[in-house]
Amino acid sequence: MVKSAPPPIASRKPSKVEGIKENSNFLREPVATQILEDTTHFSEDAIQILKFHGSYQQDNRDNRVKGQEKDYQFMLRTKNPGGLVPPQLYLALDKLADEYGNHTLRATTRQGFQLHGILKKNLKAAIASIIQNLGSTLGACGDINRNVMAPPVPLKNRADYQYAWEYAQNIADLLSPQTGAYYEIWLDGEKAISAEESPEVKAARERNGNGTIVHDTEEPLYGTHYMPRKFKVSVTVPGDNSIDLYSQDLTLVVITDEQDNLQGFNIFAGGGLGRTHNKEETFARVADPIGYVAKDDVYDAVKAIVATQRDYGDRSDRRHARLKYLINDWGVDKFRAKVEEYFGKPLAPFQPLPEFKYEDFLGWHEQGDGNLFLGISIDNGRVKDEGTFQLKTALREIVEQFNLPIRLTPHQNLIFYEIAPAQKSAIQEILDRCGIVTDPGKIEPLERYAMACPALPTCGLAITESERAIPGILARIRTLLDKVGLQNEHFVVRMTGCPNGCARPYMAELGFVGSAPESYQVWLGGSPDQTRLAQPYVEKLPDKDIESFLEPIFVFFKQSRKPQESFGDFCDRLGFDAIREFVAQYQPEPVTLTVEPEEPTLATKSRKARYRVSLHDDLYNKVKTTATSQGRSMTELVKEALDAYFQHLT
Ligand code: SRM
Ligand code: SF4
């Protein structure tokens, strides 16, 4: 096979960020200079480079006041391959959240933690503390390989799961940036105390492999410009879709023989979800099967894919720069052929796989070696103390007392593992005392399977609320399901405050994507196991109209579903034309509003008078919303409206 030709000179002007990366001296400037300045925020160029160090400049959007400086603060994101958070790191993060952050931690959809609300003057101390406590934020954001995901379930008797953890860590090491900038800036040049990477990985990183390496640079794999855009990898086992594999740039699926020996990996590539409203050329896309690689060649194959995207990904238009667009524009065959040039030989054919399923591993389980694990649900990933709900306290106490490792899940939950059976009751006692439900059967299933991104007030790109809105919206959906006679029904609901898709709404059965203030684009038809892309059904659904919008669809589902068919599968099978047709002819059952006399009269007191008025949903909802917004009762409002009407008549 011929050596790969040098990358083409870009025919179009590179984007501004490409210049910022080139001038950064491998991620040093302008961050290194500006971190020493007594200011509240960084320059635009520094903000771009800071992302590679795992931090975003944000401002508290609740505190914006016209004419005043923004309330600048920083988000820090940790990189935890396979979701592993050692106990020491957890305690450090818990402390940092109180010392410098907003007193919460947020488990992310890629198995990391985020801290919010850190002031610039505290950023260095916070990052240094994370590094000194066995963590890292390097490459958690920016145009580089992001956190490598793997199923969080600690099944010690399943060799394939152990391989997934091992290779998630090794791929993370293989693709980690080599610049000294991170330790120079945040640790004053001290070397970090971190686990030694495997010599096999080190050798693989340095191997040239037909042009996968950029010679004579501090970053042999990335070069001066790093990747055209973020790059996302996961490693999983056949049948386990807890990592949402179809949404990743690159997924490796562990293939073992009958004796559980590792043989190699199936490769999927080209998934990605970010898009922009009203820009058809941007879209969510599911990954394609690419081929199979034997275990000894896996690092070279990963490097070949990274090099293909590095050299041929779009560097002029950042909206078209993800690997999914390259694969979409080229087609899988051309992409595979280019990867094989860098790889130096053909990829083997993709091996047959069972169906992929989603499981959340909540509650108490045996981990396969006599010890236990416990999956704890975290609503939208937010670890906090609030009233009688003391999740942050509970997690801290458990880690302090039992020194347990944590695996963050790709669904914003966490798993404690290596629990000796004798420790179970004491751990349960802490959780009970702190008001944390551990029996998954007792968690409202809509909440259990839902996810929402942070959105307002921290995310600069949010168009609508998400994390703060979803509890109310799920409660309204539950009320509606009860009303139409679907009491025990549940499905996967995911919400984001904008179309970037951080909570992977396009893979949900019901996806809400912020599209205008207080309005959402609604996606229907994803599968309960996240193996199929949903489709957009409406562009702008005002939050207040959720009930009147969903009711006919739920009624149609109830009437026409197959036994056990899920909501997403139903929408996909019937298609939007059939759903729209049903909705158009749907006559809602009238809702009864009880109007009571304001001041009971002697006559009515004795017989408890109640007068009933029937309203259709839209009018009922209008009355309800107006009454709520005015802080008045619905009865009062209806009475006033009727009085006005009769006055008008006379
Ligand atoms: Fe994301 C940008 C939060 C997972 C697609 N994402 C952002 C930023 C940093 C906003 C910004 O650029 O200013 C958000 C910070 C909000 C805040 O206040 O904390 C943000 N993304 C998140 C997290 C925290 C959401 C969560 O609920 O957990 C997730 C962090 C994961 C991690 O630990 O690394 C997160 N983001 C995702 C995912 C899901 C995934 O990776 O599995 C996606 C969709 C998959 C994909 O990448 O295609 C995702 N985030 C984006 C995009 C769109 C990328 C694109 O290709 O168009 C942006 C915007 C961008 O990159 O320009 C973005
Ligand atoms: Fe922000 Fe949009 Fe991501 Fe939500 S989906 S965190 S609003 S970028």
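The values are calculated or read from the model by the stated rules, or taken from the named source; none is laboratory data. In this text, all values refer to a predicted model and were calculated from it rather than measured experimentally. All Cβ positions, glycine included, derive from the backbone under ideal geometry; neighbour counts span all protein chains shown.
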- line: The residue that is surrounded by the most Cβ atoms within 10 Å (Cβ to Cβ), considering only those in segment 500-511 that are in contact (Cβ under 8 Å) with a residue 24 or more places away in the chain and either assigned to a strand (DSSP E or B) or more than 7 Å from ligand 2 (Cβ to nearest atom) (or both), is Pro505
- prompt: Hey, among His277, His215, which residue is within 27 Å of the chain's Cα centre (by Cα) and outside any strand (DSSP E or B)?
  reply: His277
- request: Residues being among the charged types (D, E, K, R) and near ligand 1 (Cβ under 10 Å from one of its atoms): count how many of those fall in segment 241-259.
  value: 2
- request: Identify the single condition in (1) surrounded by fewer than 24 Cβ atoms within 10 Å (Cβ to Cβ); (2) assigned to a helix (DSSP H, G or I) that Thr179 does not satisfy, given that it satisfies every other one.
  value: (2)
query: Which numbered condition trips up Ala203, out of (1) part of a loop (DSSP other than H, G, I, E, B); (2) farther than 26 Å from Asn133 by Cα; (3) free of Cβ contacts under 8 Å to residues at least 24 places away in the same chain?
result: (1)
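Counting only residues that are touching a residue at least 40 places away in the same chain (Cβ under 8 Å) and out of contact with any Ser or Thr (no Cβ under 8 Å at 6 or more places or on another chain), which one in segment 148-166 is farthest from ligand 1 (Cβ to nearest atom)?
Result: Asn157.
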message: Please count how many residues of segment 230-264 are surrounded by 24 or more Cβ atoms within 10 Å (Cβ to Cβ), of a type outside the set (A, V, I, L, M) and either under 15 Å from Ile290 (Cα atoms) or within 16 Å of ligand 2 (Cβ to nearest atom) (or both).
response: 7
- prompt: Looking at Glu467, is it part of a loop (DSSP other than H, G, I, E, B), among the charged types (D, E, K, R), in contact (Cβ under 8 Å) with a residue 24 or more places away in the chain and in contact with a strand residue (DSSP E or B) (Cβ under 8 Å, 6 or more places away or on another chain)?
  reply: yes
- request: Give the number of residues within segment 439-453 that are within 12 Å of ligand 1 (Cβ to nearest atom) and without any contact (Cβ under 8 Å) to a residue 24 or more places away in the chain.
  value: 0
task: Exactly one condition in (1) among the basic types (Lys, Arg); (2) more than 20 Å from Arg106 (Cβ to Cβ); (3) touching a His at 6+ places or on another chain (Cβ under 8 Å) is not met by Lys424; state its number.
output: (3)
task: Within segment 454-498, work out how many residues are over 25 Å from Gln57 (Cα atoms), within 16 Å of ligand 1 (Cβ to nearest atom) and among the basic types (Lys, Arg).
output: 1
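Conditions (1) modelled with pLDDT of 75 or more; (2) in a helix (DSSP H, G or I), marked per residue:
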{"site": "Leu550", "(1), (2)": "yes, yes"}
{"site": "Lys558", "(1), (2)": "yes, yes"}
{"site": "Pro563", "(1), (2)": "yes, no"}
{"site": "Cys571", "(1), (2)": "yes, yes"}
{"site": "Ala584", "(1), (2)": "yes, yes"}
{"site": "Glu589", "(1), (2)": "no, no"}
{"site": "Ala627", "(1), (2)": "yes, yes"}
{"site": "Glu636", "(1), (2)": "yes, yes"}
message: Name the single residue that is surrounded by the fewest Cβ atoms within 10 Å (Cβ to Cβ) among those in segment 592-620 being at pLDDT below 75 and in a helix (DSSP H, G or I).
response: Leu602
task: Test each condition in (1) touching a Lys or Arg at 6+ places or on another chain (Cβ under 9 Å); (2) without any contact (Cβ under 8 Å) to a residue 60 or more places away in the chain; (3) among the polar types (S, T, N, Q) for Asn371 and report the one that comes out false.
output: (2)
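If I go through segment 544-564 residue by residue, how many of them are more than 13 Å from Leu480 (Cβ to Cβ) and among the aromatic types (Phe, Trp, Tyr)?
Initial filter on segment 544-564 (more than 13 Å from Leu480 (Cβ to Cβ)): 544, 556, 559-564.
Those still in the list that are among the aromatic types (Phe, Trp, Tyr) too: 556.
Qualifying residue count for the region: 1.
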- prompt: Taking segment 437-455, which residues are buried (at least 19 other Cβ atoms within 10 Å of the Cβ) and among the hydrophobic types (A, V, I, L, M, F, W, C)?
  reply: Leu446, Ala450, Met451, Ala452, Cys453, Ala455
Checking Ser519 against (1) polar (S, T, N, Q); (2) away from ligand 1 (no atom under 16 Å from the Cβ); (3) out of contact with any Ser or Thr (no Cβ under 8 Å at 6 or more places or on another chain), the condition it does not meet: (3)
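Can you give me the number of residues within segment 301-333 that are in a helix (DSSP H, G or I), among the small types (Gly, Ala, Ser) and either at pLDDT below 95 or in contact with a Ser or Thr (Cβ under 8 Å, 6 or more places away or on another chain) (or both)? Give the steps one after another, and end with the answer.
Let us first name the residues in segment 301-333 that are in a helix (DSSP H, G or I), namely 301-312, 318-320, 323-330, 332-333.
When the remaining residues are screened for being among the small types (Gly, Ala, Ser), the result is 301, 304, 307.
Remaining after also requiring either at pLDDT below 95 or in contact with a Ser or Thr (Cβ under 8 Å, 6 or more places away or on another chain) (or both): 304, 307.
Here the count works out to 2.
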